[in-house]
Amino acid sequence: MSTPDFFRSRLDAMIDLRHPLAVLATKMSWASIETTLAPLFERRSRDGRVSEAVDLFGSNSLELAGGVSAAGRPRLPMRLMVGLLYLKHAYNESDETVCERWAQDVYFQFFCGEEYFQPRLPCDPTNLVRFRQALGEAGVEELLAATIAAAVQMKAVTPVEFERVIVDTTVQEKAIAYPTDSRLLEVARARLVQLAQRAGLGLKQTYEREGKRLRRRAGGYAHAKQFKRLRRVLKRQRTVLGRLLRDIERKLSGASDERQAQLRVWLERAWRICRQRPKDKNKLYALHAPEVECIGKGKARQPYEFGVKVSLAITEKQGLIVGARAFPGNPYDGHTLAEQLEQSSILLQDLPGTPQPKTILVDLGFRGVDVEVSSVHLIHRGKHKTLTSTQRRWLKRRQAIEPIIGHVKHDHGMRRCWLKGQTGDALHAVLCATGYNLRWLLRAIVRLGLGPIFFILAWLHWIVNVPSHPLLAHRERFRRPNLPAPTKCPIGVVHQAN
């Protein structure tokens with residue numbers, strides 16, 4: 001094949017173009033994705049800021065010019081960054097490993113729009129962090145909508161199937177350690193000491209050695225189930241943390257304004273940890289992640305999970321995800337249904353015919369919200385006596401969402417969220433659903449590609465085993481069976497017919 005670069009071969013000449021990932025690269029609407037996401041990456045005008053400058057004549061204020069600047073490094077191709085996000089969650093990779101795998105896998109490079117093999121990293125892994133932040137929740141929802149549109153365009157799913165969906169909730173755990181009181185108190189003490197020393201505050205005492213000793217004693221008493229001694233250690237840890245907090249507050253005015261603002265945030269969180277008790281409401285379970293909630297789903301192996309509640313919506317027949325949304329604050333399952341349906345309607349609005357969910361299959365956790373979602377027909381087991389035979393048959397498919405939740409968690413990264421804050425929880429939930437849909441599309445390509453082959457094999461099998469003329473089949477029914485030849489009998493022995 002001719003190529004502008006004489007010393008390199010094109011990727012389409014090196015790979016099998018029938019590979020599912022190569023086929024999917026030609027089916028995705030990359031131009032539409034770039035057009036939709038382009039406004040999110042426009043250079044924005046910035047106001048000038050005042051800075052203090054010191055020279056021979058003293059200090060004076062200078063205003064740095066703002067506006068739109070043409071300087072700076074050009075952005076990486078949109079298709080490259082979007083493709084890396086798709087592949088990261090489709091194959092459950094980290095930011096670092098997906099870049100390393102991209103440099104080795106020719107199919108990854110072809111999917112991301114490369115023409116020639118590139119034996120280097122596509123970008124620094126930190127670029128994916130900034131790209132996610134720039135996309136926001138609306139941007140990653142566009143990536144999810146693109147996978148749904150690709151499924152319709154390949155005819156792997158019909159628009160009519162979007163009218164009946166299954167909705168359920170699960171917990172997306174945060175990347176935090178198990179929250180024990182002793183550990184939280186020690187982490188808060190160590191963090192405040194570190195920030196105070198960076199701000200230049202001279203503390204009266206840091207309690208470093210005593211804090212480590214108390215932490216070890218608390219772990220030993222908890223393991224031995226000596227709870228009376230454990231309570232005494234916790235009381236001492238709270239006393240130490242309170243002394244440190246009051247010492248920092250007294251000396252806070254000696255730090256710069258920027259350091260004071262930073263310290264006040266951590267002081268407020270540390271006071272919450274110091275004052276909260278086991279039976280309190282709205283507790284803080286992680287110093288660095290105040291958005292974490294304690295959610296109980298009734299699991300025997302894991303009574304409590306620490307993270308955020310996530311709702312998923314899938315099609316009833318094919319199991320394609322058409323909605324994924326995070327709900328901070330641990331709301332009742334039924335109260336998340338209206339917002340989930342709103343998101344699904346937005347994702348489906350650009351499809352042919354503009355299909356909308358009309359029938360929702362849920363479990364008993366969604367009872368009592370028929371008024372809030374009056375535009376759709378809600379079906380659950382509590383209405384079994386009033387359902388028709390067809391609706392009861394639909395309800396048997398309600399459990400189909402459970403294995404999909406398991407695959408999204410184990411195969412696409414929803415088991416543990418490492419992104420920061422509530423925004424990170426929302427982005428991660430949608431991206432994990434996007435990764436599942438991408439693998440769903442790869443399986444659909446294999447299924448649709450092998451369909452004609454299976455049809456030809458079945459037709460050939462029918463030709464071989466079925467007579468070509470109906471009269472021959474009729475004669476075969478009355479043909480005398482071939483009896484085995486009579487065996488020779490020894491002399492003097494006569495067989496008598498029955």
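Using 0.36 nm times the number of residues separating Ala300 and Arg101, minus their current alpha carbon distance, what extension gain do you get?
Working it through step by step, the gained length comes to 67.8 nm.
Tell me which of Thr434, His412, Ile401 sits at the most positive position along the dipole axis of the stretch 381-442, charges placed on C-beta atoms (Lys, Arg +1; Asp, Glu -1).
Value computed over the given set: Ile401.
On a C-alpha basis, how far is the centre of the stretch 134-153 from the centre of the stretch 172-188 in Å? Whole number, if you could?
Using only Cα atoms, the two centres lie 35 Å from each other.
Which entries in the list Lys251/Lys279; Lys155/Lys385; Lys279/Lys409; Lys317/Lys383; Lys297/Lys383; Lys309/Lys358 go over 26 Å, if you measure between the two C-alpha atoms of each?
As for pairs spanning more than 26 Å Cα to Cα, those are Lys251/Lys279; Lys155/Lys385; Lys279/Lys409.
Would you please classify the overall shape of the stretch 88-195 from the alpha carbon gyration tensor, given that a ≥ b ≥ c denote the square roots of the eigenvalues, rounded means a/c under 1.5, and beyond that prolate means a/b larger than b/c while oblate covers the rest? All intermediate terms of the calculation are to be shown ahead of the outcome.
Working: a/c = 2.90, a/b = 1.38, b/c = 2.11.
Here the stretch 88-195 falls in the oblate category.
Quick check: the distance between the Cα centres of the stretch 391-420 and the stretch 259-308, to the nearest angstrom?
Answer, in whole Å: 26.
Tell me the label-point distance for the pair Leu252, Arg392, using the 7 Å Cα-to-Cβ offset, in nm and rounded to one decimal.
About 6.5 nm separates the two model spin labels.
Arrange the peptides 345-352, 246-253, 108-115 so that the one whose residues have, on average, the most other Cβ atoms within 10 Å appears first.
108-115, 345-352, 246-253
Can you work out the accessible area per residue across the stretch 223-300, with the rest of the protein chains kept in place, probe 1.4 Å, in square angstrom?
65 Å²
When only the heavy atoms of the protein chains count and the probe is 1.4 Å, how do Thr206, Thr126 rank by accessible area, highest first? Mind dumping the intermediate values first?
Working: Thr206 40, Thr126 65 Å².
Result, largest first: Thr126, Thr206.
Using the heavy atoms of the protein chains alone and a 1.4 angstrom probe, what is the accessible area of the stretch 109-212 per residue in square angstrom?
Value for the stretch 109-212: 43 Å² per residue.
The values are calculated or read from the model by the stated rules, or taken from the named source; none is laboratory data. All values derive from a computational prediction rather than experimental measurement. With ideal geometry, Cβ positions are generated from the backbone for all residues, glycine too; neighbour counts draw on all protein chains shown. Note: accessible area is taken over every heavy atom of the protein model, side chains too, but ligands, DNA and RNA are not part of it. Shrake-Rupley method; radii C 1.70, N 1.55, O 1.52, S 1.80 Å.
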